[in-house]
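Report on the structure given below.
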Amino acid sequence: MMFVGDSLNRGQYVSMICLLHRLIPEHAKSMKSYNNDALTVFRAKDYNASIEFYWAPFLLESNSDNAVVHRVSDRIVRRGSINKHGKHWKGVDILVFNTYLWWMTGLDIKILKGSFEDEEKEIIEVSAEDAYRMAMRSMLRWVRKNMDRKRTRVFFTSMSPTHGKGIEWGGEPGENCYNQTTIIEDSNYWDSNSRKTIMNVIAEEFSKSKFPITFLNITQLSSYRKDAHTSIYKKQWSPLTAEQLANPVSYADCVHWCLPGLQDTWNELLFSKLFYP
């Protein structure tokens, strides 16, 4: 089994490992990273099984493909480049894809027509929806050509909501997920960062797919969990300033999720759809 995508998919991957590994004795399991942390592999030796994570935040080749250093302000995605990463997915029995957050810059997406090695680069800008549609078509084409529908399964996890605007759920202006301890009880609540136009692109493209894709719709159920983010309890990649420390809201992570936590539920859904399709 391989999870392919961004840090939210990595979180789901780590959740899956945490749910499974305690049942396996120490001598019968291992976990290693390869290719500068682009690939992480957990092995259950007695079962001849592995669960892996592969970093590809856009699925296509991009200038954010370094799994450690990928914070670039000017993101560029290369058109028609899925084989750059796809060659590492061949032979997998169960694929779990995700991609969403990195497309949501609030700006048009820069698409590279040629190669990153070209001296003169031809770059066009398209809407997030058009760029995302391009990625979905590339992914579905790759799946159709490389996966065997008789013996393999492909899943796609929907967008993971964020909780950066407290005013959306009736909180105070300037409030976010920091210090939240209760869920959102409004059953109609929908996070404004979870674009329904992107959901429409997924529905349109998946409906045309000749290979069956199992859609894990975790968006609505996760939208209620403003209390479940890592908030300030995470690794800080650079020292916090005095101003930040005085105002925890300013550096609370309202994107990623605590473990144990919500992403364990995502994996329970994955388990159910895998074994009881």
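The values are calculated or read from the model by the stated rules, or taken from the named source; none is laboratory data. Not measured: the values here are computed from a predicted model. Cβ placement follows ideal geometry from the backbone for every residue including glycine, while neighbour counts extend to all protein chains displayed. Surface accessibility is based on the protein's heavy atoms, side chains included, excluding ligands, DNA and RNA. Shrake-Rupley method; radii C 1.70, N 1.55, O 1.52, S 1.80 Å.
Protein heavy-atom accessible surface, 1.4 Å probe, per residue over segment 129-277: 55 Å². Accessible surface calculations at 1.4 Å, restricted to protein heavy atoms, place segment 1-104 at 47 Å² per residue. Quick one: grab the alpha carbon gyration tensor of segment 40-176, order the square roots of its eigenvalues as a ≥ b ≥ c, and give me rounded if a/c is under 1.5, else prolate or oblate depending on whether a/b is larger than b/c. Since a/c reaches 1.5 but b/c is at least a/b, the shape of segment 40-176 is classed as oblate. For segment 61-132, trypsin sites (Lys or Arg not before Pro) meeting the loop criterion (DSSP other than H, G, I, E, B) and having at most 10 other Cβ atoms within 10 Å: R71, K87, K90. Of all beta bridges that DSSP places with both ends in segment 93-187, some 50 percent have antiparallel geometry. In this structure the amide hydrogen of E175, modeled in the peptide plane, comes within under 5 Å of the amide hydrogens of G166, I167, none closer than 5 places in sequence on its chain. Rounded to the nearest 0.05, what FRET efficiency do E120 and K210 have when you use their Cβ-Cβ distance and R0 = 30 Å? So, using R0 = 30 Å, E works out to roughly 0.20.
Using a simple spin-label model with points 7 Å from Cα along the Cα→Cβ vector, what separation in nm is obtained for L23 and D148? Here the modelled spin labels are 2.6 nm apart. The lysines whose alpha-carbon is closer than 25 Å to the alpha-carbon of K32, local same-chain residues fewer than 8 away aside, are K45, K84, K87, K90, K234, K235. Among the protein heavy atoms of segment 14-132, carbon and sulfur supply 47% of the accessible surface, probe 1.4 Å, non-protein parts ignored. Close amide-amide hydrogen proximity is noted between K29 and K45, each under 5 Å apart and 5 or more residues distant or on a separate chain (H modeled in the peptide plane; Pro and chain starts excluded). What the phi angles of segment 153-161 give under the Karplus curve with 6.51, -1.76 and 1.60, with θ = phi - 60°, is a coupling list of 10, 10, 10, 9, 8, 6, 4, 8, x Hz, glycine and proline written as x.
Labels on offer are [x] 50, 21, 16; [y] 30, 20, 18; [z] 28, 25, 20, and the one holding semi-axes √(5λ) of the Cα gyration tensor in Å computed from this structure is [z].
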